[in-house]
Amino acid sequence: MGGCCSVSMSCDQVVNQCSQWLCVKVSYIHNLSENLASLEKAMGSLKAKRDDLQRRVDKEEFTGRRQRLVQVQDCWSGNNARKGMEERVNIVGLYGMGGVGKTTLLKQINNKFSEIGGRFDVVIWVVVSKNVAVHRIQGDIAKKLGLGGKEWDEKNDNERALDIHNVLKRKKFVLILDDIWEKVNLNEIGVPNPGRKNGCKVAFTTRNRDVCGRMGVDDPIQVRCLATNEAWDLFEKKVGKNTLGSHQDIPKLARKVAEKCRGLPLALNVIGETMASKNTIREWRRAIDVLTSSASDFSGVENEIYPILKYSYDSLNGEQVKSCFLYCSLFPEDHLIDKAENIG
């Protein structure tokens, strides 16, 4: 079960807090300044050989062709073991409305893990989206683990789950699931349950707090909209100093436009980029009028995002660009759109 706190904090604070909760505390003693360069080179070479050997061992084992020798098992277990570590939370859930920045935070957490390489054997990123497709999720995990090929492709979901489990049960892993809309059954996919014993971690984002409970997180982290000052800083960055300085009245009007975004990072980014090319008073006043008049027709924060995005769409350059945008919107979320097939 998770043990996260539902609090409001800045993006950097959320990333650092999540990293601390997901990671373990460990102290390193460095007293090799004179030989540091040669040591790093040697370690890099050893790690490459180790990873290559691990992939070969895994591939032989999960296919059932061979079992690792006792000496090999002891070697890998000893390599991953750490003493004096403090295990805290094994599953972390981030929830919040669409466009609030959950995925951005998760990417920063993912980058944190990449920076502290060595504590985990593998970090796996999977975009889940609205429809949970076990087969596709297994495929994404398999690519990260070096599984695949014709033999793998011909297996059913249960067989693939067994292969994934046989590999991951000997690894200290981090599984990051972005944008889940319902519970993801880790056992069905083949992912061992994260816990204090194996030291593995799972982090995910969702729009629904109830999903966090079904995933075993009692106290998830709510990602909230930005405070007024933070929202303005983001909007100011997107618009640019040149545009804001093109007329003495624009900064004041720009703050009014930023307020219409209600602290939502997605809206601040989209509208900020749209207004970056607007350097007349008339254009800024029109933006305020459009956002104000349209927003009155909608109730609730979620619905009030629509007029903001609609204004961005209306600002697209030309009917052809708008048509292309509408055509792309017909594809399912996260679908790969092949330019070669769609451009005549």
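The values are calculated or read from the model by the stated rules, or taken from the named source; none is laboratory data. A quick note: this is a predicted structure, and the numbers were derived from the prediction, not measured. Ideal geometry is used to build each Cβ from the backbone, glycine not excepted, and the neighbour counts take in all protein chains shown.
Numbers below:
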{"item": "Some residue of the stretch 306-320 being in a loop (DSSP other than H, G, I, E, B), within 24 Å of the chain's Cα centre (by Cα) and either modelled with pLDDT under 80 or exposed (fewer than 14 other Cβ atoms within 10 Å of the Cβ) (or both)", "result": "no"}
{"item": "Single match in W152, W125 (criterion: surrounded by fewer than 21 Cβ atoms within 10 Å (Cβ to Cβ), modelled with pLDDT of 90 or more and not charged (D, E, K, R))", "result": "W125"}
{"item": "Those residues of the stretch 218-256 which are hydroxyl-bearing (S, T, Y) and not in a helix (DSSP H, G or I), in sequence order", "result": "S246"}
{"item": "Failed criterion for S299 (all others in (1) at pLDDT below 70; (2) surrounded by 11 or more Cβ atoms within 10 Å (Cβ to Cβ); (3) not in a helix (DSSP H, G or I) hold)", "result": "(2)"}
{"item": "Residue in the stretch 172-189 that is in a loop (DSSP other than H, G, I, E, B) and over 23 Å from the mean Cα position of the chain (by Cα) present", "result": "no"}
{"item": "Any hit, the stretch 273-287, residues being small (G, A, S) and modelled with pLDDT of 90 or more", "result": "yes"}
{"item": "D157 assigned by TED's automatic domain parsing to the domain that holds V123, closer than 17 Å to G93 by Cα and at pLDDT 90 or above", "result": "no"}
{"item": "Segments classed as helices (runs of 4 or more DSSP H), wholly inside the stretch 87-160, with at least 2 members that are under 22 Å from G216 (Cβ atoms) and more than 15 Å from the chain's Cα centre (by Cα)", "result": "134-145"}
{"item": "Failed item, numbered, when S294 is tested on (1) more than 26 Å from the chain's Cα centre (by Cα); (2) at pLDDT 85 or above", "result": "(2)"}
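Okay, residues lined up against (1) aromatic (F, W, Y); (2) within 29 Å of V127 (Cα to Cα); (3) out of contact with any helix residue (DSSP H, G or I) (no Cβ under 8 Å at 6 or more places or on another chain); (4) touching a residue at least 24 places away in the same chain (Cβ under 8 Å):
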residue	(1), (2), (3), (4)
T206	no, yes, no, yes
R214	no, yes, yes, yes
D219	no, yes, yes, yes
S246	no, no, yes, yes
